[in-house]
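Chemist: Sharing a structure, written as structure tokens. Questions coming.
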Amino acid sequence: MAVVSAFLVPGSPLPYVKRDNPPWGKIATGLERAGTALVQSKPDVILLYSTQWIAVLDQLWQTRSRVSGLHVDENWHEYGELPYVLKIDTQLAKACVSATGTIGVKSKAVNYDGFPIDTGTIVAANFLNPGGKIPMVLASNNLYHDFALTEKLGRLAARLAGKQKKRVAVVGVGNFSGAFFRHEIDIAKDKLVAPKYDRWNKKILALLQAGDRRGLSAALPEFATKGQADMGFKHGAWVLGALGGKFTGAQVHAYGPLYGSGGAVVEFRLK
Amino acid sequence: MPRTQKKGAIVAGFLAPHPPHLVYGENPPQNEPRSQCGWEQLRWAYERARKSLDALKPDVLLVHSPHWITQQGHHFLGVPQLSGKSVDPIFPNIFRYSFELNVDVALAEACCAEGAKQGLYTKLMRNPHFRVDYGTITTLHMIRPQWDIPVVGLSANNSPYYLSTEEGLEEMDRLGRATRTAIEKLGRRAVLLASNTLCHWHFHEEPALPEDMSQEHPQSLSGYQWDMRMIDLLRQGNTKEVFRLLPQFIDEAFAEVKSGAFTWMFAAMGYPEIPAELHGYGTVIGTGNAVMEWNLEQAKLSKPASKTRASRRAIRQAA
Ligand SMILES: [Fe+2]
């Protein structure tokens with residue numbers, strides 16, 4: 001099996017830029033634990049899908065061998081910058097571009113100086129792959145793709161990595177419940193927007209922890225609507241697709257509010 | 001520094017959409033990719049708008065863009081100078097533009113403060129490393145390629161997407177009124193730019209050559225018909241009917257005006273019932289785009305007038 005580790009992480013910049021706020025610091029610590037686990041799994045490549053890299057025409061894949069810069073989040077600019085240096089596995093990314101036609105998806109390679117890398121990708125990379133040492137494949141979230149198609153994309157990317165005899169860490173970047181506070185709050189007392197979202201998030205986390213794949217499949221469509229899962233939980237689809245649905249449980253490294261939305265750091269147990 | 005006058009005024013508003021294709025078609029030195037041609041009707045529409053803007057001699061351009069999305073509050077660019085390279089995340093093949101702009105920070109601060117007085121959550125963007133979004137840049141380039149007029153950039157809080165369309169647009173009405181008050185207090189001659197496409201149904205594939213105009217046409221007949229209906233009402237000055245129909249237009253034509261710029265601009269102008277000047281209409285990857293002007297100075301409406309206040313009240317009551 002090509003996949004040696006798999007994670008779900010939130011894409012909010014808050015744990016990175018404002019970790020001195022206790023609720024967000026807890027998530028940052030969880031992300032660091034996940035980062036340690038990822039490095040220990042000794043992957044050759046990280047396959048990363050971020051709900052915040054939005055595409056509307058084709059499925060986009062980053063194919064520039066090195067991307068670096070200083071990003072400022074559109075919304076949380078007051079908390080400072082997000083520097084990044086990422087190494088891209090261009091061989092695998094190009095293989096993905098060429099192969100998605102087999103699942104009915106038109107792909108495009110993105111290789112431009114100054115191309116905007118989304119906050120979620122940067123935050124995840126900085127926690128899980130500090131210094132950008134491990135090569136990555138970055139995939140976009142096409143708004144017209146559904147959960148099932150995103151699962152297929154994840155499966156295809158993992159299969160192509162296997163063909164290239166690479167050990168893979170797969171990462172889905174996005175929130176659990178996506179509903180957030182729209183107005184100023186006391187950030188030290190951050191909480192989920194409503195108890196129902198907390199219940200939904202905990203339900204999905206429990207199914208992941210128990211390795212209850214059937215229960216998870218049954219619950220996810222309702223989670224997407226009633227739990228307002230971020231982007232229909234397509235980052236979860238990416239990971240589950242890459243795993244071929246095979247996992248035995250999960251460890252939750254952190255769970256908590258990110259300005260009202262649900263942030264969870266989850267490591268899948270593969271054996 | 002902007003020239004000041006006794007009492008400020010909004011001298012004009014423009015519907016000024018931001019498809020990056022228009023910059024690409026023009027081939028300005030700031031944009032890396034080169035084109036052969038493309039979208040001439042819209043580019044020539046902007047040429048006419050540029051002339052009008054030039055004659056108005058504004059102190060400041062205020063632009064509201066749907067592509068600076070802020071989930072918490074309405075934000076305003078608040079750094080004196082911003083520069084960088086803007087690469088469109090959807091069309092990086094055609095838009096990689098090096099920009100430099102000056103911000104009217106005092107006016108941005110005033111808009112921010114007045115917005116808060118209206119009960120809105122507002123914030124200033126003070127980070128000098130901030131990358132200005134491609135919607136703001138495209139609109140500003142197309143209307144004033146000289147980049148010699150200070151700007152105030154407003155983000156899209158996207159309240160109409162989280163609340164109902166009507167509730168969200170009510171917030172944009174308050175933001176517009178706050179903007180007007182700030183302009184009047186600071187004594188600016190201001191031009192407002194609503195950076196919005198009309199019908200937003202688009203094709204899902206680009207032609208191999210992006211400027212292949214043989215592939216360019218409205219994506220949807222009903223969307224085109226909606227655009228013509230709304231443009232015609234605007235040309236007649238039937239603002240009341242436009243705002244009565246706006247939620248339905250948004251739903252049925254997937255109109256980008258949902259993001260609020262159009263309502264913000266009209267609220268700031270006091271919903272003037274004057275005929276709009278249509279500089280031109282064209283499609284870009286199937287979406288409908290109109291460059292339109294409301295010259296308040298010409299219509300002698302650039303000063304706060306009881307008539308415009310009354311019509312604004314009437315529109316709110318109708319809603
Ligand atoms: Fe747009």
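Chemist: Just check the stretch A:1-57 against the gyration tensor rule for me: Cα atoms, a ≥ b ≥ c as the square roots of the eigenvalues, rounded for a/c under 1.5, and otherwise prolate or oblate depending on whether a/b exceeds b/c. Display every interim value, and only then the final one.
Modeler: Values: a/c = 3.28, a/b = 1.21, b/c = 2.72.
Oblate.
Chemist: Could I ask something else about it? Which of these, A:ALA158, A:ALA125, A:ALA179, has the largest mean-square fluctuation under a Gaussian network model of chain A (Cα springs below 10 Å)?
Modeler: Residue with maximal mean-square fluctuation among A:ALA158, A:ALA125, A:ALA179: A:ALA179.
Chemist: Turning to a different aspect of this structure: Is the shape of the stretch A:110-238 rounded, prolate or oblate, going by the alpha carbon gyration tensor and its root eigenvalues a ≥ b ≥ c, with a/c under 1.5 for rounded and a/b larger than b/c for prolate?
Modeler: Working: a/c = 1.89, a/b = 1.29, b/c = 1.46.
Because a/c hits 1.5 or more and a/b fails to exceed b/c, the stretch A:110-238 counts as oblate.
Chemist: Okay, next question. Can you compute the charge dipole magnitude of the protein assembly as shown about its Cα centre, using +1 on each Lys and Arg Cβ and -1 on each Asp and Glu Cβ, nothing else charged? Give it in debye, rounded to the nearest 20. Kindly include the intermediate steps, with their values, before the conclusion.
Modeler: Values: 67 positive and 55 negative charges, 277 e Å.
Its charge dipole is roughly 1340 debye.
Chemist: Any idea how far apart B:ASN27 and B:LYS185 come out in nm if each label point goes 7 Å out from Cα toward Cβ?
Modeler: 4.8 nm
Chemist: A further question on this structure: What does the net charge come to around B:TYR162 if you take all other residues with beta carbon closer than 11 Å to its beta carbon, with K and R at +1 and D and E at -1? If you can, show how the numbers build up before the last one.
Modeler: Working: positive: A:ARG182; negative: B:GLU167, B:GLU171.
Here the charged neighbours net out to -1.
Chemist: Stick to the Cα atoms of the protein assembly as shown, pair each with every other, and give me the Kirkwood hydrodynamic radius in Å at one decimal.
Modeler: The answer is 24.8 Å.
Chemist: Could you work out how much longer the chain between B:ALA55 and B:ASN238 gets when fully extended? Use 0.36 nm per residue separation minus the Cα distance between them, nm to one decimal. The partial results should precede the final answer.
Modeler: On the way: separation 183, 0.36 × 183 = 65.88 nm, distance 2.59 nm.
Fully extending the segment from B:ALA55 to B:ASN238 adds 63.3 nm.
Chemist: Okay, moving on. Find out how many positive minus negative residues lie around A:ILE134, taking Lys and Arg as positive, Asp and Glu as negative, among other residues whose Cβ is under 15 Å from that of A:ILE134.
Modeler: On the way: positive: A:LYS42, A:ARG66, A:LYS87, A:LYS133, A:LYS166, A:ARG167; negative: A:ASP44, A:ASP89.
Once positives and negatives cancel, what remains is +4.
Chemist: Continuing with this model, one more query. Stokes-Einstein D for the stretch B:227-268 at 37 °C, 0.692 mPa s, Kirkwood Rh over Cα pairs, in µm²/s?
Modeler: Numbers: Rh = 10.4 Å.
Rounded, D is 314 µm²/s.
Chemist: Give the lysines reachable from A:LYS191 as a straight Cα distance under 23 Å; neighbours fewer than 8 places away on the same chain don't count.
Modeler: In chain and number order, the partners are A:LYS18, A:LYS26, A:LYS202, A:LYS203, A:LYS226, B:LYS123.
Chemist: On to the next question. How large is Rg over Rh for chain A, taking Rg from the Cα atoms and Rh as the Kirkwood inverse mean of 1/r across Cα pairs? Spell out each step's value before the answer.
Modeler: Numbers: Rg = 17.0 Å, Rh = 18.2 Å.
Radius of gyration relative to Kirkwood radius: 0.93.
Chemist: When the helices in chain A are scored as -39500 (n - 2.57) per DSSP H run of 4 or longer and the sum is shared across all residues, what 222 nm value do you end up with, to the nearest 500 deg cm²/dmol?
Modeler: On the way: 8 runs with 99 residues, N = 271.
Roughly -11500 deg cm²/dmol at 222 nm, from the helical runs in chain A.
Chemist: Given points 7 Å out from each Cα along the Cα-Cβ axis, report the B:GLU109 to A:SER65 separation in nanometres with one decimal.
Modeler: Between B:GLU109 and A:SER65, the label points sit 4.9 nm apart.
Chemist: Let me ask something additional. Can you tell me, using C-alpha contacts under 8 Å and at least 6 residues apart, the relative contact order of chain B as a whole percent?
Modeler: Working: 730 pairs, mean separation 90.9, N = 319.
Here the relative contact order equals 29 percent.
Chemist: Mind checking which helices in chain B clear 15 Å along their axis (Cα) and have mean Kyte-Doolittle hydropathy of -0.5 or more, DSSP H runs only?
Modeler: Values: long enough: B:40-56 (24 Å, -1.04); B:105-117 (18 Å, 0.82); B:165-186 (31 Å, -0.90); B:221-236 (22 Å, -0.42); B:239-253 (19 Å, -0.07); B:306-318 (18 Å, -1.37).
Span-like helices here: B:105-117, B:221-236, B:239-253.
Chemist: Can I ask one more? Any idea what the dipole of chain B comes to, in debye rounded to 20, about its Cα centre with Lys/Arg Cβ at +1 and Asp/Glu Cβ at -1?
Modeler: Dipole about the Cα centre, nearest 20: 1660 debye.
Chemist: Normalised radius of gyration for the stretch B:106-259, please: alpha carbon Rg relative to 2.2 N^0.38 Å, two decimal places.
Modeler: Here the Cα radius of gyration is 1.19 times the empirical estimate.
Chemist: Mean Kyte-Doolittle hydropathy of 0.0 or higher plus an axial Cα length of 18 Å or more: which whole DSSP H helices in chain A meet both? Show your work: numbers first, answer last.
Modeler: On the way: long enough: A:22-40 (27 Å, -0.02); A:147-163 (24 Å, 0.20); A:195-210 (22 Å, -0.69); A:213-226 (19 Å, -0.29).
Membrane-span-like by this criterion, though nothing is claimed about a membrane: A:147-163.
Chemist: Any idea which of A:ASN141, A:GLY211, A:GLY114 is furthest toward the positive side of the dipole for chain A, if Lys and Arg beta-carbons carry +1 and Asp and Glu beta-carbons -1?
Modeler: A:GLY211
Chemist: Okay, next question. Taking the DSSP beta bridges in the stretch B:1-157 as the whole, what percent of them are antiparallel, to the nearest 5? Mind dumping the intermediate values first?
Modeler: Numbers: 9 of 19 bridges.
Here the share of antiparallel DSSP bridges comes out near 45 percent.
Chemist: Please state the relative contact order of the stretch A:26-93 as a whole percent: Cα pairs under 8 Å, 6+ residues apart? Can you show the working numbers first?
Modeler: On the way: 44 pairs, mean separation 19.1, N = 68.
That works out to 28 percent.
Chemist: Still on this model: Roughly how many debye, to the nearest 20, is the charge dipole of the stretch A:1-70 about its Cα centre, given +1 on each Lys and Arg Cβ, -1 on each Asp and Glu Cβ, and no other charges? Walk me through the numbers before you get to the answer.
Modeler: Details: 7 positive and 4 negative charges, 36 e Å.
The calculation lands at about 180 debye.
Chemist: How much of the DSSP beta bridge set in chain A is antiparallel, as a percent to the nearest 5? Could the numbers behind the result be given before it?
Modeler: Working: 19 of 42 bridges.
Given both bridge residues lie in chain A, the antiparallel proportion sits at roughly 45 percent.
Every read-out reported here was derived from the displayed coordinates using simple, explicitly stated rules and does not represent laboratory data. Computed from a predicted structure; not experimentally measured. Note that we place each Cβ from the backbone using ideal geometry, even for glycine, and neighbour counts take in every protein chain shown.
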